[in-house]
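**Q** Please see the structure below; I have some questions.
The values are calculated or read from the model by the stated rules, or taken from the named source; none is laboratory data. This structure is a prediction, so every number in the text was calculated from the model and none was measured. All Cβ positions, even for glycine, are placed from backbone atoms using ideal geometry, and neighbour counts span all protein chains on display.
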Amino acid sequence: GHANMLETRSLNLGPGSCVAVLNTFALHHATPEQAEAAIRDWSLLLKDDGGCLYLGLWEGSGYMEEHHPGIKSILHSEKDARAWIESAGLGIIMSRSQVETEFGNMNTLYLICQKKKKKIPEATNE
């Protein structure tokens, strides 16, 4: 078998056990639903006091030209990636996009995200 780079349950890591999660250029092997679920799972692994997710992905829409037979390559839009990150309780603290020429002028998106601190309800004097 092979490791699934999007699935975290087999790692036996508990919620809030990671200071950071790094994932670069794996989301193009995931459907939009799988990519959103992976970001949500990575967020759960992050410490509540500012754990960070570093994410690099091929950005666009549709399918990417196949470089390896049998490997599914799906481009995800920046809008979708930002929505998934926000939905997972993360805030984007830095982003950069550029064209990479190594594989033939492909748009890349790099995001550094931080887990949002949970708000503690203020006590009321009633």
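**Q** Can you confirm whether region 93-106 contains a residue that is closer than 27 Å to Pro15 by Cα, loosely packed, with under 14 Cβ neighbours inside 10 Å and modelled with pLDDT of 85 or more?
**A** Checking region 93-106: at least one residue is closer than 27 Å to Pro15 by Cα, loosely packed, with under 14 Cβ neighbours inside 10 Å and modelled with pLDDT of 85 or more.
**Q** Additional query: Could you grab me the full set of residues in region 31-90 that are within 18 Å of Asn107 (Cα to Cα) and acidic (Asp, Glu)?
**A** Hits for region 31-90 are Glu59, Glu65, Glu66, Glu78, Asp80.
**Q** Another question, if that's okay. With the requirement that a residue be touching a strand residue (DSSP E or B) at 6+ places or on another chain (Cβ under 7 Å) and charged (D, E, K, R), what does region 86-117 give you?
**A** Passing the criteria: Arg96, Glu100, Lys115, Lys116.
**Q** Here's a follow-up. Within region 36-95, which residues are touching a Lys or Arg at 6+ places or on another chain (Cβ under 9 Å), closer than 15 Å to Leu22 by Cα and hydrophobic (A, V, I, L, M, F, W, C)?
**A** Result: Leu46, Cys52, Leu53, Leu90, Ile92.
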